Amino acid sequence: MTPALTFFIGLIMLILFGWYFATEQGLRKRLLATTLMLLLVIFSIVTIWPPQKKIALGLDIQGGTSFLIRLVPGDKPITKGMLDQAVEVIRKRVDYFGGGEPIISPVGSDRILVQIPGLDTAKIQEARDQLSRVAKLEFRLVYPDNGQKLKAIDEGKDVIPPDYRIETYKLHQVEGEKSVEERLLVKKKADLSGDRVSSAGASYEKDGWVVHLRFDSEGAKQFGNITAANVHHRFAIVLDGVIQSAPVIQDAIYGGDAQITGRFTEEEARGLASVLENPLQTPVSIEEERSVSPTLGLDSIRASILAGLVGLAITLVCVAIYYKVPGLVANLALIINLILLIGALTMFHFVLTLPGIAGIILTIGLSVDANVLIYERLREEMALGKSLKVALKTAYEKAFSSIFDANVTTLITAAILFWKASGPVKGFAISLTLGILASLFTALIVGRNCLGWFVDTGRLKRISMLHLISAQNINFLGKGFIACMCSLALLLAGAFAFYERGDRNFGVDFRGGDLITLSAPGKIDIGQVRDALKPIGFADASIQESTQVGKSYITVRTPLNTSDKVERQIMQTLPSVGFKVEGSERVGALVGGELAKSSLIALGLGILGILIFVTFRFELSFAVGAIVALLHDVLMTVGVFALLGRELTLTMVGAVLTIAGYSINDTIVVYDRIREGLASGRRGTIEEIMNSSINQTLSRTILTSTVTLIPILCLFFFGGAVLRDFSLAIIIGVVVGTYSSIFIASPIVLWWTRARGGSATALRREVTEKATAANPLAR
């Protein structure tokens, strides 16, 4: 599909969306909704099809190309600082290829292992250039006499000044024309170096693609002084020892901006901008290149796909049995949601990885939750004796604020994670953001109009649903103190276990480990290798397969100082395979300091975003309760893992983010019902209204948790050893998140209000004002 056609279809959809929201309820609105739904589904399917060619998969699922890079020592020996700088620079450069959450890990003291998913032949060559290019940028003044000195040197009448040298500048010409070369007398020492470049980007202008540079404050000052002192003289821009351009300085440039011109293609300009923004301090060479299998192992991926499909099928059946006709509509909305989500990921060339799949799992939970909220409201409205048509309209209006607030709170967090984080955190944020938008569309437009059509046309005169969880009158707030003490005890136990275990809490991804490479003359069965490692506790190790010059290779990544044990176990258990040890070395952590720092900053900003939004929509005490519940759930999961003696790995990042997203969603839904209860003017104390509201949402809370847990439980039991910890973390998080939204978040609202010296009346008044302000959104 061409960019022009994509833009045209997008414009039509935008117009239809505007028309839909501007139209009152009726046949026209339903037709617009149907047209929108069909257009989006067809467009998504066309974008996805054929899936094996269109859907970009990450290194953990698909495999890719592996490069082993060696730092080339110059005058100084290679230091740890040089290696760390090269790792972070290469990490940023690899993002130029769309990231795909590559593996970038130090190997030994002077090498770096880089694995990038899904590169074709052309991209592999481009990757070689991007990875090995030093990108040493310099600005050097040309001798300021318009070439007279060089002419005299050529005629033998003068000598080359000691600070200058003659260099050849090859002018970029139009294809087909003869190239023109110019000799320039250029300073040996740079007047300004590229380490002062703070950012670089490419853009298309009247003379073609150019690369824009922006200097930092010191660089901008130096650049301004140099250009002011050399107006009407030439200034050579030199990259890796080659003059790229040598423009005449027309005037002093104090803004801190510069540009490199030349006959660049778009790929060349963008690639140059990427390497200039991330220059290497030490030259590198590519020592080895090979294709590699998925990091999760093909055996684990097959098991996970089967488990995921079984879990999804069970979820659809359970929703259909419990809600009957509305359940079928919810299932339709869920399937459309997944089609739109995969279509959007494919259209924007996002790479699907395990943390991305975690985001999709959370999206399924949010999508089902939206429909559960609506149908439980519908049950309440029908119980009041309202007609089906009126009950359906009221149910959607009352459920809207819960759906809106819960999804927007999660969306704010996802947007901040996408903006500030990198690596697996960004992959999670992308799939979650797109999933939330798809979920809102399917629940509020597709589901509403589909069910509304059945009711309005008389095809559905009566709705019956199962009701396994009847209304209760449990004093949750009265048990708040006991619950908090139990949580505190478990958190302290988890913290103590975490402290005692020390570095053992973190897996190979965080603290490095051993990488053993084995070869065999024939095909290697990774499943057999994994079974062989099971007795020594390494069945979940990262095992990758590759082939080179007729031989099969596997690399096994395990904790530090375990390579001898792994080698011995494989050799003794599988003697018939004919394994030969090709090498064993120490590898660094996959999670570098820069990646960890950016992810923690993003999480901190996400929590701040939640605080601001929940305060704006509810009240400060609600925001404090939501953040305490979120931190409680994440810390509780990590603590339980420490108590169980499990390790935290890179796949756990996606699980922890899923827990945070689920926690905040669950809490906001409970808060919305409390807000409604306080704003309704219902008689009773604040505690009584809060308890009543929590009891009213109990059915929804248990149903949503159950539906979210079904696919995760299938993944845990049938998804293989590699994903067992990942699924276990989400199971713990969902259970703890359900508990905290009831027993932790709500009591904190009450206690915080009292601690600030606020009265129940003041809380009721402020919440009522904000609830009134929120009402127009429902329409």
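The values are calculated or read from the model by the stated rules, or taken from the named source; none is laboratory data. Here the structure is a predicted model, which is why all the values come from computation and not from measurement. All Cβ positions, glycine included, derive from the backbone under ideal geometry; neighbour counts span all protein chains shown. Ligands, DNA and RNA are stripped out before the accessible areas are found, and what is left, the full protein with its side chains, is counted by its heavy atoms. Shrake-Rupley method; radii C 1.70, N 1.55, O 1.52, S 1.80 Å.
So which of LYS534/LYS597; LYS136/LYS157; LYS426/LYS523; LYS523/LYS580; LYS53/LYS597 end up more than 24 Å apart by C-alpha?
Among LYS534/LYS597; LYS136/LYS157; LYS426/LYS523; LYS523/LYS580; LYS53/LYS597, the Cα-Cα distance tops 24 Å for LYS534/LYS597; LYS136/LYS157; LYS426/LYS523; LYS53/LYS597.
Calculate one ³J(HN,Hα) per residue across the stretch 411-420 by plugging θ = phi - 60° into the Karplus curve 6.51 cos²θ - 1.76 cosθ + 1.60, and present them in order as whole Hz with x for glycine and proline.
Per residue, the Karplus-derived 3J(HN,Hα) values read 5, 4, 4, 4, 5, 5, 4, 5, 5, 9 Hz.
Taking θ as phi - 60°, what are the ³J(HN,Hα) couplings along the stretch 531-543 by the Karplus curve (6.51, -1.76, 1.60), each to the nearest whole Hz, with x for Gly and Pro?
So the J values, rounded to whole Hz, are 5, 5, 7, 4, x, 9, x, 10, 5, 9, 5, 7, 10.
Given C-alpha coordinates of the stretch 385-536, what is the ratio Rg to Rh with the Kirkwood estimate of Rh?
Numbers: Rg = 25.9 Å, Rh = 22.5 Å.
In the stretch 385-536, Rg relative to Rh is 1.15.
Leaving ligands, DNA and RNA out of it, work out the accessible area of TRP453 with a 1.4 Å probe and give it in Å² to the nearest 10.
Rounded to the nearest 10, the figure is 100 Å².
On average, how much accessible surface per residue is there in the chain, in Å², for a 1.4 Å probe, leaving out ligands, DNA and RNA? Intermediate results must be reported in sequence, preceding the final value.
Numbers: 35100 Å² over 779 residues.
So the chain comes to 45 Å² accessible per residue, rounded to a whole number.
Rounding to the nearest 10 and keeping the result within 0 to 90°, find how far the Cα-based axis of helix 3-22 lies from the longest principal axis of the chain.
Rounded to the nearest ten degrees, it is 30.
List the residues, sorted by chain then number, that are 5 or more residues from GLN259 or on another chain and whose placed amide H is less than 5 Å from its amide H.
So GLN259 has HN proximity to LEU213.
With just the Cα atoms defining each centre, how far is the stretch 390-456 from the stretch 691-754? Give it in Å.
Centre-to-centre (Cα) distance: 19 Å.
Extending each Cα 7 Å along its Cβ direction at TRP49 and VAL735, get the distance between those two points in nm, one decimal.
4.4
For the stretch 383-506, which whole-number percentage of the solvent-accessible area (1.4 Å probe, protein heavy atoms only) is attributable to carbon and sulfur atoms?
Values: 3940 of 6020 Å².
That share works out to 65 percent.
For LYS136, enumerate residues with amide H under 5 Å from its amide H, sequence gap 5+ or separate chain, H modeled in the peptide plane.
ASP240
Mind grabbing the base-10 log of I(q)/I(0) for the stretch 42-145 at q = 0.16, 0.21 Å⁻¹? Debye formula, identical points on the C-alpha positions, no solvent, two decimal places.
-0.78, -1.11
Check which residues have an amide H placed less than 5 Å from SER542's amide H, if you skip close sequence neighbours.
Residues meeting the amide H criterion: ARG557.
Testing the spin-label approximation: label points 7 Å from Cα along Cα→Cβ at LYS324 and ASP251. State their distance in nm.
7.8
Give me Rg/Rg_expected for the stretch 161-288, where Rg uses Cα atoms only and Rg_expected = 2.2 N^0.38 Å with N residues. Present the calculation step by step, with values, prior to reporting the outcome.
Values: Rg = 15.3 Å, N = 128, 2.2 N^0.38 = 13.9 Å.
Output field value: 1.10.
Over the Cα atoms of the stretch 579-714, Rg to Rh with Kirkwood Rh, two decimal places? Numbers along the way, then the final one.
Numbers: Rg = 20.2 Å, Rh = 18.0 Å.
Ratio value, two decimals: 1.12.
The stretch 1-90: percent of C-alpha pairs farther apart than 18 Å? Write down the numbers at each step before the final one.
Working: 2746 of 4005 pairs.
Counting pairs separated by more than 18 Å, the tail of P(r) holds 69 percent.
Using the basic label-point model (7 angstrom from Cα toward the beta carbon), what is the ILE482 to LEU27 distance in nanometres?
6.0
Give the Debye-formula value of log10 I(q)/I(0) at each listed q (0.11 Å⁻¹), with one equal scatterer per alpha carbon of the chain, two decimals each.
-1.25
I'd like the Karplus ³J(HN,Hα) series for the stretch 681-695: coefficients 6.51, -1.76, 1.60, θ = phi - 60°, whole numbers in Hz, and an x wherever there's a Gly or Pro.
Those phi angles translate into x, 4, 6, x, 6, 4, 4, 5, 5, 4, 4, 4, 5, 5, 5 Hz.
Can you give the percent of C-alpha pairs in the stretch 483-630 whose distance is more than 17 Å? Walk me through the numbers before you get to the answer.
Numbers: 7850 of 10878 pairs.
Of all Cα-Cα distances in the stretch 483-630, 72 percent exceed 17 Å.
When the Cα centres of the stretch 480-543 and the stretch 322-352 are compared, how far apart do they sit, in Å?
What the calculation gives is 33 Å, centre to centre.
Rg to Rh ratio, the stretch 431-508, alpha-carbon atoms and Kirkwood radius? Present the calculation step by step, with values, prior to reporting the outcome.
Values: Rg = 23.8 Å, Rh = 18.7 Å.
Across the stretch 431-508, the Cα-based Rg/Rh ratio is 1.28.
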